[in-house]
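In what follows, a structure is listed as structure tokens, so that the remarks can point back to it.
The values are calculated or read from the model by the stated rules, or taken from the named source; none is laboratory data. Everything numeric here is computed off the predicted structure, so don't read it as measured data. Cβ placement follows ideal geometry from the backbone for every residue including glycine, while neighbour counts extend to all protein chains displayed. With ligands, DNA and RNA removed, areas are computed over all heavy atoms of the protein, side chains included. Shrake-Rupley method; radii C 1.70, N 1.55, O 1.52, S 1.80 Å.
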Amino acid sequence: MYIIEIENNGVTELLHEMNPQSLRRVSDCDFTDELDSVDSANITVPLQNPAYANLHELTTLVRIINTRTNEVEFDGRILQISEESMDSSGIITKKVICEGVLGYLCDSVQLYHHYPDTEVTGFLASLLDTHNYLMSWHSPERCILLGAVTVHGDASKTTAQRSTMDEIKENLISRLGGILRTRRNENNQILLDYYKEEDFGQICDTKIEIAVNMKSISSGTDVTGIITRLYPLGCQINAETAERLTISDVNGGIPWLDDEDAIAKYGIKCGVYIWNDVTLPENLLTRGQEYLKQSCQIKKNYQAVVLDLSTIGKAADSFRSGNTYRFVNQLIGLDEYLRIIRRTVNIFSPYQPTIEIGDKTEAVTDIVTQTRNYIAYEVPKQRSEILQQAKTNASALITSATHGHVVVEPEEILIMDTDSKDTATKIWRFNINGLGYSHSDEPGGAYNGEYGLAMTMDGAIVADYITTGVMYADRIRGGTLVVGGGDGKNGSIEVRNSANNTICTFNENGADILGSIQSRSLGDYWINIDNGELTGGYGQTRYITIDATAQITDNDTGITHNGLKVDASAVQFSCNLFSINGSTGTSGGMTFVNHVELQESSTEVVTDAWIDENGYLQTNKAIINYISGYSISNITYYFQNGIMVTGLD
């Protein structure tokens, strides 16, 4: 579902692809997108990955792409690379920490400048102009253009040798709130959008509900930011003493504001907030009262492990930070619409993201990318823990049921959330054909709806999730069998014979097979591996046998070497380059057994005869060569620096 691309100097290559047989695979990867924070990703890369040496801090760009939607879900660069490490199995890896493109705004500094009565759009555009000017010389890929702005406010602002990101935080977000987001336009340029909170995200139809797509949830409150007595301060009125404007003149001589209800509950907890652009005490009083009202609110957040059913086509909406969903968990009294403010996805289990919902428990302007400690779901390490957790969850669901309606009809028994099947949205239905559960968002839709959990009279059990300790089965059929990985463990498959002896094992180290392996083509050609011997042939005829029983004695040294023995009716080599001892140009020898050498002889014969004029006999003679015999011997061809230099032994 996810691939990872890296880019160096305009050259793009894959760091991770979905093919499990490819070397371009990472060992682990999770990425986080969070409102008003720099996106982050943590990637573990093994040594055998071809892109291992092409990872460079601050300059290598990283993109994590959802192949189902073609959406780039993480867009950024490598921030930090850890030292290489080796685990107990001998695998060498290095960990790569990445930050999103919003982090580019930390690379530039804004000089001191005062912007009197400047609107948000103009101020933000000026900051980006300065940033882009500094980046354009050597790092043009870090330039960021101004996108959509829906936050408005007209006030004086001052930059003071801080990073561009810190200036946005100090002069905009801390005063006006809002959400920063980045995206790319059709020209692949980065755009910065600045939205009001209510203008960003959407209310989604997907409901997150216990026993449907919510695995676990935890909640917490944060009172560390509460202020019960506020000292509001305005502009500096005395350069020598650093004295600032207060509200004493318009607040009965008292420079602070109290929240009486909060003091009664939490006591006195003082805090100071400075508005450099406020020059009138009455305006400072108004600002202070608004700020104190917000500071006295207890922030509550939830963290949950959910199932993103859109990854398997079971839901219309996927989960995204900034979107609002209805969360329902009757066990903790939760039923309300909440916004996701952080989402963490592991690319190997995208269906199970960890999300944070509700108010943030830390400042939304925290823009430093760092290794975060999440209150995340602890994945059980042992199968017994998985089973026990399922039992515990089932027990909690069943024992917590405090209402329901049991209706006994002539042909079936119904257990529903209302007293009528015409209005029920949740229903257990038990009749002669089986037992099933159905739920629907429409009143009355459950009775005739889809029964996703069912046990029927034909022996079938239908369920989305089955958790068991030991399962006995005649056969398991399906599209994909996956073992290991999801629970943090290596998978293993064992095949045993009737005597309970293991004859085949598939695990993280490969395959270990006791017995034979046979591969057969449709044309009846076959290859068989059995007891250390490889044989091959066609039909019932064996053509070739290969084993490790060869013994050859070196004539020069007398040393006997063991090696590969090939017994074949025919051997055909087709190659572009042949080498001895591993590489071309290296010395070595090749011995051929049963070399036949022919023996040649010659004789002189008369080819013509005649009597000359003097009465003498004259003749013409010729030498005729012929084969007089043969001998059988071994022959070794020696090669030195790639050239055959000698022949017969």
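Worth pointing out:
- Qualifying residue in the range 284-293 (condition: open to solvent by 20 Å² or more (accessible area, probe 1.4 Å) and within 30 Å of ILE355 (Cα to Cα)): yes
- Evaluating GLN202 against the criteria (1) open to solvent by less than 80 Å² (accessible area, probe 1.4 Å); (2) under 30 Å from LEU307 (Cβ atoms) leaves one unmet condition, (1).
- Restricting GLU34, GLU5 to those that are closer than 11 Å to LEU61 by Cα and either surrounded by 17 or more Cβ atoms within 10 Å (Cβ to Cβ) or at pLDDT 95 or above (or both) reduces the list to GLU5.
- Subset of the range 404-450 (residues that are small (Gly, Ala, Ser) and out of contact with any strand residue (DSSP E or B) (no Cβ under 9 Å at 6 or more places or on another chain)): GLY444
- Answer residue from the range 459-476, given it is over 23 Å from LEU307 (Cα atoms) and either hydrophobic (A, V, I, L, M, F, W, C) or modelled with pLDDT of 75 or more (or both) and is least open to solvent (accessible area, probe 1.4 Å) among those: ALA460
- Taking (1) more than 24 Å from LYS169 (Cα to Cα); (2) surrounded by 14 or more Cβ atoms within 10 Å (Cβ to Cβ); (3) touching a Ser or Thr at 6+ places or on another chain (Cβ under 8 Å); (4) not hydroxyl-bearing (Ser, Thr, Tyr) in turn, ILE64 satisfies each apart from (3).
- Single residue of ASP554, ASP608, ASP567 found to be surrounded by 11 or more Cβ atoms within 10 Å (Cβ to Cβ), farther than 30 Å from SER519 by Cβ and modelled with pLDDT of 55 or more: ASP554
- Some residue of the range 426-438 being in a loop (DSSP other than H, G, I, E, B), among the polar types (S, T, N, Q), open to solvent by 60 Å² or more (accessible area, probe 1.4 Å) and farther than 18 Å from VAL212 by Cα: yes
- Pairs, first touching a residue at least 60 places away in the same chain (Cβ under 8 Å) and farther than 15 Å from MET1 by Cβ in the range 23-42, second among the aromatic types (Phe, Trp, Tyr) and surrounded by 21 or more Cβ atoms within 10 Å (Cβ to Cβ), C-beta under 8 Å, six or more apart: ASP33/PHE74; ASP39/PHE31; ASP39/PHE74; SER40/PHE31; ASN42/PHE31
- The residue that is farthest from ALA155 (Cα to Cα), counting only those in the range 96-142 that are in a strand (DSSP E or B) and touching a Gly at 6+ places or on another chain (Cβ under 6 Å), is CYS98.
- Among the criteria (1) in contact with a Leu (Cβ under 9 Å, 6 or more places away or on another chain); (2) closer than 24 Å to ARG342 by Cβ, the one GLU71 does not fulfil is (1).
- Only one entry of ASN251, ASN213 meets the criterion of being in contact (Cβ under 8 Å) with a residue 40 or more places away in the chain, surrounded by 17 or more Cβ atoms within 10 Å (Cβ to Cβ) and of a type in the set (S, T, N, Q), and that entry is ASN213.
- Qualifying residue in the range 301-317 (condition: acidic (Asp, Glu), surrounded by fewer than 18 Cβ atoms within 10 Å (Cβ to Cβ), at pLDDT below 85 and within 48 Å of the chain's Cα centre (by Cα)): yes
- Matching residues in the range 37-51 - criterion: being in a strand (DSSP E or B) and either open to solvent by 10 Å² or more (accessible area, probe 1.4 Å) or more than 30 Å from GLY201 (Cα to Cα) (or both): ASN42, THR44, VAL45, PRO46
- The C-beta contact set for the range 477-498 (first residue at pLDDT 70 or above and of a type in the set (Val, Ile, Thr), second residue open to solvent by less than 100 Å² (accessible area, probe 1.4 Å) and outside any strand (DSSP E or B), distance under 9 angstrom, 6+ apart or interchain) comprises VAL482/GLY491; VAL483/GLY491; VAL483/SER492; ILE493/VAL483.
- Pairs with Cβ under 7 Å, 6+ apart, first in the range 424-450 and among the basic types (Lys, Arg), second in a loop (DSSP other than H, G, I, E, B): LYS426/ASP417; LYS426/ALA446
- Meets criteria (more than 15 Å from LEU102 (Cα to Cα) and either under 14 Å from the mean Cα position of the chain (by Cα) or acidic (Asp, Glu) (or both)) for ARG63: no
- The condition of being hydroxyl-bearing (Ser, Thr, Tyr) and in contact with a Phe, Trp or Tyr (Cβ under 9 Å, 6 or more places away or on another chain) holds for only one of TYR195, TYR231, that being TYR231.
- Screening the range 83-109 for residues that are in contact (Cβ under 8 Å) with a residue 60 or more places away in the chain and over 20 Å from the mean Cα position of the chain (by Cα) and picking the one that is surrounded by the fewest Cβ atoms within 10 Å (Cβ to Cβ) gives SER89.
- The set of residues in the range 217-248 that are under 28 Å from the mean Cα position of the chain (by Cα) and either open to solvent by 50 Å² or more (accessible area, probe 1.4 Å) or modelled with pLDDT of 75 or more (or both) contains only SER219.
- Residue check for ALA262: at pLDDT below 75 and either open to solvent by less than 50 Å² (accessible area, probe 1.4 Å) or part of a loop (DSSP other than H, G, I, E, B) (or both): no
- When ASN576, ASN562 are checked against the criterion of being open to solvent by 90 Å² or more (accessible area, probe 1.4 Å), modelled with pLDDT under 65 and either in contact with a helix residue (DSSP H, G or I) (Cβ under 9 Å, 6 or more places away or on another chain) or under 30 Å from TYR525 (Cβ atoms) (or both), a single residue qualifies: ASN576.
- Hits in the range 521-550 (condition: closer than 22 Å to GLN21 by Cβ and at pLDDT below 75): SER521
- Boolean, THR12 is assigned to a strand (DSSP E or B) and over 18 Å from the mean Cα position of the chain (by Cα): yes
- Condition met for THR164 (among the hydroxyl-bearing types (Ser, Thr, Tyr) and open to solvent by less than 30 Å² (accessible area, probe 1.4 Å)): yes
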